[in-house]
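A short write-up of the structure that comes next.
The values are calculated or read from the model by the stated rules, or taken from the named source; none is laboratory data. Keep in mind that what you see is a predicted model, and the values were worked out from it rather than measured. Neighbour counts are summed over all protein chains in view; Cβ atoms, including those assigned to glycine, are modelled from backbone coordinates with ideal geometry.
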Amino acid sequence: MKRRNFRRPTAPPLKPGQTEYEFGIPIPGTILPPEQWAKTAIKRMGDEPMDWNEVFSRPGPVALDIGCGNGRFTIASAVARPEWNHIAIDFLPAVVRYGTRRGNQRGLANCRFAVIDGWRMLHTCCSDQSLSEIHIYHPQPYSDPNKSHMRMLTPEFILRMHECLVNSGRVFIQTDREAYWDYISTAMKSIFDWQPIETDWPDGPEFRSRREILARKQGLPIFRGIATRKNDWQREQLDEIISKLAMPGFAID
């Protein structure tokens, strides 16, 4: 007997005026008629620092979402803060396509999505003091000990975030892995003003990633913190501090 190929049923496309939900949690912004859609995809990232005023065709503070997934935080922030420019990146093309579609359908001219990893983004595409905020929600923990060297938040990466931020710019970080949180807390407070957030984020959106929704449904603790750039470091001081920080080689249960 010839085998039949079965395809998983897909949800019908949303109509203008509808609200989109994910695990019962709404994604901010409503679907617009196609003639009002925006174009939010950056199809190719260059090999030199980007001019954000040119990318967005206007000046404005820039918020970078590293590991944006399907775009939940960037979409919510772009809706709530139209005066801000948002760039959302992930190294997985499939999830970036979701974010791009959502940004397009909501007419969000103040956000862009691109397929690129965080390391290359900061080291190649961002100039010094060009970002006002960096957001990292649930960075890949690489629980396999043989892959711990792939963790993104190394001392050098933390230094590069400091370099890319404007004076008093901020990094927002969240994870559900306590071992990663302990490392982040120690490393970030070495060169940033570090503030752990003991409750939910004081400002919206409440749910900032798909992973957070799933973690909270599983009853996992969520660790949150804000790092604010110190402006009075000398370069020699920063280099010395970073050289003494351990790499993120901790074990994760």
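Taking residue 122 as the residue in question, decide whether it is in contact with a Cys (Cβ under 9 Å, 6 or more places away or on another chain), among the hydrophobic types (A, V, I, L, M, F, W, C) and in contact (Cβ under 8 Å) with a residue 12 or more places away in the chain.
Numbers: in contact with a Cys (Cβ under 9 Å, 6 or more places away or on another chain): yes; among the hydrophobic types (A, V, I, L, M, F, W, C): yes; in contact (Cβ under 8 Å) with a residue 12 or more places away in the chain: yes.
For residue 122, the condition - in contact with a Cys (Cβ under 9 Å, 6 or more places away or on another chain), among the hydrophobic types (A, V, I, L, M, F, W, C) and in contact (Cβ under 8 Å) with a residue 12 or more places away in the chain - is met.
Take the conditions in contact with a Cys (Cβ under 9 Å, 6 or more places away or on another chain), assigned to a loop (DSSP other than H, G, I, E, B) and modelled with pLDDT of 95 or more and apply them to residue 59. Does it pass?
Values: in contact with a Cys (Cβ under 9 Å, 6 or more places away or on another chain): no; assigned to a loop (DSSP other than H, G, I, E, B): yes; modelled with pLDDT of 95 or more: yes.
For residue 59, the condition - in contact with a Cys (Cβ under 9 Å, 6 or more places away or on another chain), assigned to a loop (DSSP other than H, G, I, E, B) and modelled with pLDDT of 95 or more - is not met.
Go through (1) within 20 Å of residue 135 (Cα to Cα); (2) without any contact (Cβ under 8 Å) to a residue 60 or more places away in the chain; (3) not aromatic (Phe, Trp, Tyr); (4) not in a loop (DSSP other than H, G, I, E, B) for residue 35 and report which single condition fails.
Residue 35 satisfies all of (1) within 20 Å of residue 135 (Cα to Cα); (2) without any contact (Cβ under 8 Å) to a residue 60 or more places away in the chain; (3) not aromatic (Phe, Trp, Tyr); (4) not in a loop (DSSP other than H, G, I, E, B) except (1).
Quick check on residue 170: is it in contact with a Leu (Cβ under 8 Å, 6 or more places away or on another chain), among the charged types (D, E, K, R) and within 27 Å of residue 70 (Cβ to Cβ)? Spell out how you get there, then give the answer.
Working: in contact with a Leu (Cβ under 8 Å, 6 or more places away or on another chain): no; among the charged types (D, E, K, R): yes; within 27 Å of residue 70 (Cβ to Cβ): yes.
No, not satisfied.
Among the residues of region 119-155, which ones are in a helix (DSSP H, G or I), more than 13 Å from residue 48 (Cα to Cα) and over 14 Å from the mean Cα position of the chain (by Cα)?
Let us first name the residues in region 119-155 that are in a helix (DSSP H, G or I), namely 119-125, 145-150, 155.
Filter once more, keeping what is more than 13 Å from residue 48 (Cα to Cα): 119, 145-150, 155.
Hits for region 119-155 are 145, 146, 147, 148, 149, 150, 155.
Of all residues in region 193-209, which are hydrophobic (A, V, I, L, M, F, W, C), assigned to a loop (DSSP other than H, G, I, E, B) and surrounded by 18 or more Cβ atoms within 10 Å (Cβ to Cβ)?
Here is the first cut: in region 193-209, the ones hydrophobic (A, V, I, L, M, F, W, C) are 194, 197, 201, 207.
Still in the running and assigned to a loop (DSSP other than H, G, I, E, B): 201, 207.
Within region 193-209, 207 is the sole residue that qualifies.
Does region 135-151 include one or more residues that are of a type outside the set (S, T, N, Q) and under 17 Å from residue 45 (Cβ atoms)? First the steps, then the outcome.
Restricting attention to region 135-151, the residues satisfying the condition of being of a type outside the set (S, T, N, Q) are 135-139, 141-142, 144-145, 147, 149-151.
Keeping just the survivors that are under 17 Å from residue 45 (Cβ atoms) gives none.
No, region 135-151 contains no residue that is of a type outside the set (S, T, N, Q) and under 17 Å from residue 45 (Cβ atoms).
Considering 242, 213, 173, 158, which residue is closer than 24 Å to residue 26 by Cα, assigned to a helix (DSSP H, G or I), in contact with a helix residue (DSSP H, G or I) (Cβ under 9 Å, 6 or more places away or on another chain) and not aromatic (Phe, Trp, Tyr)?
213
Assess whether residue 94 counts as being outside any loop (DSSP other than H, G, I, E, B) and farther than 22 Å from residue 228 by Cα.
Working: outside any loop (DSSP other than H, G, I, E, B): yes; farther than 22 Å from residue 228 by Cα: yes.
Considered against the rule, which asks whether it is outside any loop (DSSP other than H, G, I, E, B) and farther than 22 Å from residue 228 by Cα, residue 94 comes out as yes.
If the requirement is being in contact with a strand residue (DSSP E or B) (Cβ under 7 Å, 6 or more places away or on another chain) and among the charged types (D, E, K, R), which of these qualifies: 230, 217?
On the way: 217 fails: in contact with a strand residue (DSSP E or B) (Cβ under 7 Å, 6 or more places away or on another chain).
Unique residue meeting the criteria: 230.
Only one of (1) over 20 Å from residue 122 (Cβ atoms); (2) β-branched (Val, Ile, Thr); (3) within 18 Å of the chain's Cα centre (by Cα) fails for residue 30. Which number is that?
(3)
Restricting attention to region 111-128, and to residues there that are under 23 Å from residue 230 (Cα atoms) and in contact with a helix residue (DSSP H, G or I) (Cβ under 7 Å, 6 or more places away or on another chain), which single residue is surrounded by the fewest Cβ atoms within 10 Å (Cβ to Cβ)?
Filtering first and then ranking leaves 128.
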